[in-house]
Amino acid sequence: MKRSIFGALPLLLIAGLSLPAQVIPSARIGLTAGLNGSFLDPSIQTWRFGAFDPTPSLRPFITDGVRFTSGGSGIGTMFGIQGAYALSNKIHLAGRVAYNSFSGSATATQTLSDSTATSTVDVFASYVDLSPQVEFYGLFGDLSLHPFLGLDVSMPLAATTTQSVSITTSSSTYEQKLEDQRDIPEQSTRAALLAGLGYTLVFNKNVIVQPFISYSLPLTNISSAAAYSPTSFGQLRLGVNLSIGFTDAKPVVKDKPVLTGTMEKITGFRGSDQEVPVSSINVEDVRYNEMFPLVPYIFCAEGGLPGDGEQTTGYASVSGEFQLSSLPLDAIEVNKNLLNIVATRMKLVPHATLTITGTADGRSEKPAKGLPQSRADWAKTYLVGSCGIEGSRISTRTTPIPDKPSSPNDPDGIAENRRIELSSNVPDILAPVVIAADNQRVANFDVVMFYPNFQGDTVRSWSMTISQAGRVLKEANGTSLPSKLSWALRPNELSAAQVPVDYDLVMRNVDADSVVVTGSIPVEYVSSVQKKTENLADKTIDKYSLVLFDFDDADLTTDNISVLEQMVLPNIRSNSKVNIIGYTDRIGNDEYNLKLSRERAEAVRTFLKSRAKEASYSVNGVGEATEVFSNGIPLGRQLSRTVQVIVETPRR
């Protein structure tokens, strides 16, 4: 019975999706009709007849202790008049006066030594229902559904039973009709609790159609006679109300929360342990050196080879051969030229050899046995065919999953395991790339954080644009708005002019209503000419990124130590300020990543301070909260597992 109730509810829910707004009907009156499913719960004495002359074969079965207790279901009808009055916008008082009928059957079986008697009784009852109800509107948002509760008080019109019996022996079957539509004595007023769910449709403004489903739970018996008690009917009904409204029905005008927003604060840091408010950004020309690590991996699409966006494969183009000096000050772009850099260095070191390892993710790519080899062959073909490296200097191998895989249980980690790995007998082939340049424009903040604040409705989507004089510096978007948005400032990203940085943050709710938060950050620019003219202090900035940390590890590797000894320490002077910042990718728990980034930064400081004690050091671990590289691509996540060392040294 309960399955029938809940099985019908989705029909109304599906219907409710078709209208855009909750409709609340006006005060109304009209007709009602429905089809009833009746569920008989009997306890009727089987042999309850007074003057009764049974046949000899039936006589042994007659005893007062046998009762019908196994009930069945039947069909009935309901029709009448109904109406409702709105006590408030959400609560309506409704009522119904209607004819209502029930039917059901029950069986009882008795067995003697050589025969079985099966008795069947059909029960019919009809009533006039008086049904006060309370309807509740506006509970389902934009769906025009309304639950209702009430009480059925039913005056009996008729209640009858029809009974027969079948006697079965080993040799014959005998049937006898014992009664036909016999009145049930001492009929009782029926009372039942009523609960249901309705849906409102409005036509021509005041014609109201309300299909509904309801169930009534009986509180009383159909008769007070001992032979029929306790016996009751439960009832599941599918019905419809057709009404005329006294006034026009109107869609609900909900008091929608107003989406408002502000930029609570803007902060930044440059290796310091604490964020500081950003009232302006200072940009100056400095001598700038940056070391870009090479991630020795080329990432591949699922089930395929590297795409155009993974590697720059124009080693020999119409503009000439690839040149290291042409690389931009951008770690992502540097690493997209990994094969070109390797080819250039192998030409300078004739005895260097290269091993290319093709891997797979061990999950969806597991059935593709030849895929790792195809990936390794793709890289070798480019180095030999396009770059002119001798094939004998390059060997290939395969493995079904990387020897040091990223997290195999995270989608990001699985994507990172679809890769081509490079290794060489000469470490310099895969050594970091150092780009040195004078008069590079560098800001006084490495990262600027924006903290949006919104009230009212829920933000369902957002987009942010940071620009300078109409030139877009950064664009970001998403669904749920994060607590802060980060902007990593690259060298030469800001113009050589006193032009402010503008930001536009657009937040939207589910109804596509939006709020725009805009603002500007002043920019102060000091050129190298101005420094000389005004005798201002100058400095050299050296920036190093270490990304040779293994996944989920804070220990310094041999390669890390080599970079620190050979590249970082020689540039630290007694008056240098060394800022050390630890980052992680987005894989894993936020708090754990914050702790891991701090541990990585502390490991680097401990090593450097043991060798260059006079310099001043600051350490900060920011985890995944500050995104220095896009975590939406495998290469960006690899570069994010980093500790950046920024050495600022005054110079005359």
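The values are calculated or read from the model by the stated rules, or taken from the named source; none is laboratory data. Worth saying up front: this structure is predicted, and the values here are computed from it rather than measured. Cβ coordinates were reconstructed from backbone atoms using ideal geometry, including for glycine residues, and neighbour counts include every protein chain displayed. Protein only, heavy atoms only, side chains kept; ligands, DNA and RNA dropped before computing areas. Shrake-Rupley method; radii C 1.70, N 1.55, O 1.52, S 1.80 Å.
Do you know which residues across region 448-478 are modelled with pLDDT of 85 or more and over 30 Å from Ala496 (Cα atoms)? It would help to see each step written out before you state the result.
Our first condition is that a residue be modelled with pLDDT of 85 or more; within region 448-478, this holds for 448-453, 461-478.
Passing the criteria: Asn453, Ser461, Trp462, Gly478.
Looking at region 141-168, which of its residues are open to solvent by 40 Å² or more (accessible area, probe 1.4 Å), free of Cβ contacts under 8 Å to residues at least 60 places away in the same chain and over 23 Å from Ala98 (Cβ atoms)? Answer for region 141-168, where residues must be open to solvent by 40 Å² or more (accessible area, probe 1.4 Å), free of Cβ contacts under 8 Å to residues at least 60 places away in the same chain and over 23 Å from Ala98 (Cβ atoms): Ser164, Thr168. Of everything listed in (1) open to solvent by less than 30 Å² (accessible area, probe 1.4 Å); (2) within 42 Å of the chain's Cα centre (by Cα), the single unmet condition for Asp403 is (1).
Each row is one residue, and each column tells you yes or no for (1) modelled with pLDDT of 80 or more; (2) part of a loop (DSSP other than H, G, I, E, B); (3) open to solvent by 10 Å² or more (accessible area, probe 1.4 Å); (4) not charged (D, E, K, R).
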site	(1), (2), (3), (4)
Tyr544	yes, no, yes, yes
Asp555	yes, yes, yes, no
Asp559	yes, no, yes, no
Glu565	yes, no, yes, no
Leu569	yes, no, yes, yes
Arg573	yes, yes, yes, no
Ile587	no, yes, yes, yes
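In the set (1) in a loop (DSSP other than H, G, I, E, B); (2) at pLDDT 90 or above; (3) not hydrophobic (A, V, I, L, M, F, W, C), Gly138 fails one condition alone, (2).
Among the residues here, Thr381 does not qualify as open to solvent by 40 Å² or more (accessible area, probe 1.4 Å), of a type in the set (Ser, Thr, Tyr), in contact with a Gly (Cβ under 9 Å, 6 or more places away or on another chain) and farther than 30 Å from Asn589 by Cα. Restricting region 118-140 to residues that are touching a Ser or Thr at 6+ places or on another chain (Cβ under 6 Å) and charged (D, E, K, R), the residue that is farthest from Asn100 (Cα to Cα) is Asp122.
Starting from residues that are touching a residue at least 12 places away in the same chain (Cβ under 8 Å) and of a type in the set (Asp, Glu), keep the ones in region 169-184 and report whichever is nearest to Ala108 (Cα to Cα). That would be Glu179. Scanning region 277-323 for residues that are more than 16 Å from Ala379 (Cβ to Cβ), hydrophobic (A, V, I, L, M, F, W, C) and touching a strand residue (DSSP E or B) at 6+ places or on another chain (Cβ under 7 Å) turns up Val278, Ile281, Val283, Val286, Met291, Phe292. For region 444-475, give me each residue that is of a type outside the set (Ser, Thr, Tyr), within 14 Å of Val517 (Cβ to Cβ) and surrounded by fewer than 17 Cβ atoms within 10 Å (Cβ to Cβ). Matches in region 444-475: Asn453, Gln455, Gly456. Taken over region 64-79, the residue count meeting the criterion of being open to solvent by 20 Å² or more (accessible area, probe 1.4 Å) and either touching a residue at least 40 places away in the same chain (Cβ under 8 Å) or assigned to a strand (DSSP E or B) (or both) is 8.
Taking region 608-652 on its own, how many of its residues are over 22 Å from Lys336 (Cβ atoms), open to solvent by 30 Å² or more (accessible area, probe 1.4 Å) and without any contact (Cβ under 8 Å) to a residue 60 or more places away in the chain?
Filtering region 608-652 down to residues over 22 Å from Lys336 (Cβ atoms) leaves 608-626, 643, 645-652.
This time we only want the ones that are open to solvent by 30 Å² or more (accessible area, probe 1.4 Å), so: 609-611, 613-614, 616-617, 624-625, 650-652.
If we keep only those that are without any contact (Cβ under 8 Å) to a residue 60 or more places away in the chain too, we end up with 609-611, 613-614, 616-617, 624.
Going through region 608-652 one residue at a time, the tally reaches 8.
Looking across region 169-224, just one residue is open to solvent by 50 Å² or more (accessible area, probe 1.4 Å), within 30 Å of Val240 (Cβ to Cβ) and of a type in the set (Lys, Arg), and that is Lys205.
When only residues in region 93-109 that are touching a residue at least 60 places away in the same chain (Cβ under 8 Å) and not small (Gly, Ala, Ser) count, which is farthest from Trp47 (Cα to Cα)? So the residue we want is Arg96.
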